[in-house]
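The values are calculated or read from the model by the stated rules, or taken from the named source; none is laboratory data. Note that the structure is predicted; figures quoted are calculated from it, not measured. Positions of Cβ are generated from backbone atoms using ideal geometry, with glycine treated the same way; all protein chains shown enter the neighbour counts. The protein model used for the area step is the full one, side chains on, heavy atoms only, and it has no ligands, DNA or RNA in it. Shrake-Rupley method; radii C 1.70, N 1.55, O 1.52, S 1.80 Å.
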Amino acid sequence: MMNIPKIPLGEWINVLVDWITITFANLFILLTNSIEGLLDAIVAILSVGSPIVLIIVLALLVAYTSGWKLGFFSVVSLLLIDNLGYWESSIQTLSIVLVSGLLTILVGIPVGIWCAQQKTVNRIVTPILDFMQTMPAFVYLIPSILFFGIGVVPGIIASFIFAIAPTIRMTNLGIDEVPKDLIEAADAFGSGKSQKLFKIQLPLAMPTIMAGVNQSIMLALSMVVTASLVGAPGLGADVYRAVSQIDVGRGFEAGLSIVFIAIILDRISQNLRNPTYKHIIKPKVVFSILALLIAGTSIVLAIPLGDDASAIQDENSIGAAVGYKIIGIEPGAGIMEQARTTVKEYGLDQWNLIEGSSAAMTTELKKAYNAQKPIIVTGWSPHWKFSSFDLKFLEDPKGTFGGAEDIHTLVRKGLKEDAPGAYTILDQFSWEPKDLEDVMAYITGGMSAEEAAQKWIKENPDRVAEWVDGAQKANGESIDLALVAWDTEIASTNVIGKVLDQNGYDVSLTQVEVGPMYAGISNGSSDAMVGAWLPSTHIEYYNAYKEDLMDLGPNLRGTKNGLVVPQYMEIDSIEDLQK
């Protein structure tokens, strides 16, 4: 069995996804525009007026469905969210969950009905639902990025796929549990399929169906942090940013806000069919008033408020061509802070810096480049994208991205005494940008990071000999190297890890965010890292932890950060974005 060649399943999936992306490109554009339009409309409706307006409406709805105590809790919790500064994020999160929930209802209930009526369909759908519920949620983000691009839409689609199973299952279960004698009586009176469905089965199955909808809404809410990895805004992005920056306070605040919203949505959806005060006010009256409020707000928003010169945008401008979006990476990355400063210093008030991940950014860049479409991304060199695509940095007259940087090696205190050989190798580790780019090119060419590192080491024995010169051999001692999931750090850490391994160390690589990486070195839970971008990108983290770690100096000089565009774009400076 060990001699059987690996089945190229991953390659087949990649080919299939590429074919789907190209073949159904127009459909994906239509879906993206439709979902974004629906989301923007919901955000606009929820944002009308002062926050107190929505707080009162939600509190009254919670009180009506679940009792005055929970209504009072809703007022207090929502006022706290507003006080902590997470109101806009909460509106974004609530809107994302509502869109995901609406999609699960529109698709899940009909599919559940179909499964209940056709046993063959049920036998086919059930294993698919098992697959959807057990597949890690992160996996759904990968094709979603390729199909729908970076931003909120792939997050919503991934949430929808992850959350739809309970609605389908519970709809099927609810209809199946309708007493058979009632169905037989309906048949005896000559009822058709639609009459049985709408007058008997669905009404009796509604409690079970609503339980499924409730579970789907909670699952969609649980995806908000995961969705932030591909640029979805809201409380999930706030939590992700806090994790990246080791900001316990901010993480607790954003997490608490998610808990409050979860409780409110759970109680409303759980008791929607059987409100606490239905004996005082009929549900039809309450829901009619709610529908009128939504309709009235929509009409008001649709009425133009006169000529607003500031709202008139040049459709031929660079901003309009890229949707006033700058595609970024992980929110905790130093380059993202530089990009935020750039947006502020250059007065790019209309522009949005999209948070996500390095992989999402390069995927979006590849899509745009292959289609020869304009795009602006946060970029740094050395990076494999400069050898794969014809790109250029935008000039930065105000120097908001800083000058050239170096990549430093940082180690924990005491490493020199505990592992002198590893300390010597790490201290002597130094190479050129071309070396790093070669390793990254091997990886993007299809090699694993370990294979690429091994290949580079084999091709550069003289350089490696300089690193290990005078280093004491080890006898299986453990060394933990921390890294972030950036292409540069994956390449460099795997190379130095292989060299340490060849020198007798038992090397493990720990992938974390930037903040945890520095914290790990400072508290000794990791031994070293070779990806400290200084003196600008990581300066905030370095200043916070420099007293508890050792800086062995640069292992690579001459890096650069900035905004990057394809060469075919007729733009040369960040100042051009102001036009």
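To the nearest 10 square angstrom, how much accessible area does Phe162 have with a 1.4 angstrom probe? About 40 Å², ignoring ligands and nucleic acids.
When you count the other C-beta atoms within 10 angstrom of each residue and take the mean per peptide, 295-303, 567-575 line up highest first as 567-575, 295-303.
Largest first and in whole Å, give the semi-axes of the chain's equivalent ellipsoid, each being the square root of 5 times a Cα gyration tensor eigenvalue. Walk me through the numbers on the way to the answer.
Numbers: eigenvalues 478, 170, 119 Å².
Working from the Cα gyration tensor, I get semi-axes of 49, 29, 24 Å.
Legend: Rg and Dmax of region 405-560, from Cα coordinates, 14.3, 40 Å.
For Ser387 and Asp187 in the same chain, what is the full-extension length gain: residue separation times 0.36 nm, less their Cα-Cα distance, in nm?
Details: separation 200, 0.36 × 200 = 72.00 nm, distance 7.05 nm.
Extra length from Ser387 to Asp187 when fully extended: 64.9 nm.
Set the bar at 23 Å for Cα to Cα. Now go through Lys325/Lys367; Lys325/Lys373; Lys385/Lys546; Lys392/Lys455; Lys434/Lys498 and name every pair that lies beyond it. Going by Cα-Cα distance, Lys385/Lys546; Lys392/Lys455 fall outside the 23 Å limit. Across the chain, Cα pairs under 8 Å and at least six residues apart give a relative contact order of 15 percent. His279 sits with roughly 140 Å² accessible to a 1.4 Å probe, with DNA, RNA and ligands left out of the calculation. Rolling a 1.4 Å probe over the protein heavy atoms leaves Phe198 with an accessible area of roughly 140 Å². Averaged over its residues, region 53-283 has an accessible area of 45 Å² per residue, based on protein heavy atoms and a 1.4 Å probe.
Per residue, the chain reaches -19500 deg cm²/dmol at 222 nm when only DSSP H runs of four or more residues are counted, each adding -39500 (n - 2.57). Taken along the Cα-to-beta-carbon direction at a fixed 7 Å, the label points for Arg123 and Ser448 span 4.0 nm.
What is region 53-283 by shape, rounded, prolate or oblate, if you read a ≥ b ≥ c off the alpha carbon gyration tensor as root eigenvalues and call it rounded for a/c under 1.5, prolate for a/b larger than b/c, and oblate otherwise? Please list the in-between numbers first.
Working: a/c = 3.12, a/b = 1.40, b/c = 2.22.
It comes out oblate by the Cα gyration axes.
Across region 51-175, C-alpha contacts under 8 Å between residues 6 or more apart give a mean separation that, scaled by the residue count, equals a relative contact order of 27 percent.
I need the shape label for region 55-176. Rule: rounded when a/c is under 1.5, else prolate if a/b > b/c, else oblate, with a, b, c from the alpha carbon gyration tensor.
Details: a/c = 3.21, a/b = 1.48, b/c = 2.17.
It is oblate, given that a/c is not under 1.5 and a/b is not larger than b/c.
The accessible surface of the chain, taken with every protein chain in place and a 1.4 Å probe, is 60 percent carbon and sulfur. For region 40-111 and region 347-373, write down the distance between their C-alpha centroids in whole Å. If you average the Cα positions of each part, the centres end up 30 Å apart. Ignoring aspartates and glutamates fewer than eight residues from Lys69 along the same chain, the ones with Cα atoms less than 16 angstrom from its Cα are Asp266. Straight-line reach from Lys199: taking Cα to Cα under 29 Å and skipping same-chain neighbours fewer than 8 places apart, the lysines in range are Lys119, Lys180, Lys278, Lys282, Lys284. The accessible-area ordering, largest first, of the residues Asp551, Asp501 stands as Asp501, Asp551, per a 1.4 angstrom probe. In this label model, Lys199 and Val48 are separated by 3.8 nm, measuring between points 7 Å along each Cα→Cβ vector. Surface analysis of region 405-560 yields an accessible area of 42 Å² per residue, using protein heavy atoms and a 1.4 Å probe. Counting only DSSP beta bridges with both residues in the chain, tell me the antiparallel percent, nearest 5. Percentage antiparallel, nearest 5: 60. Using alpha carbons only, how many angstrom separate the centre of region 503-534 from the centre of region 401-442? Cα centres, region 503-534 to region 401-442: 11 Å. Each label was represented as a point 7 Å from its Cα along the Cα-to-Cβ direction; for Lys434 and Leu27 these points are 4.8 nm apart.
Helix screen, the chain: DSSP H segments with Cα axial length of 27 Å or more and mean Kyte-Doolittle hydropathy at least -1.0 are 25-46, 87-117, 152-176, 202-222, 248-271, 283-302.
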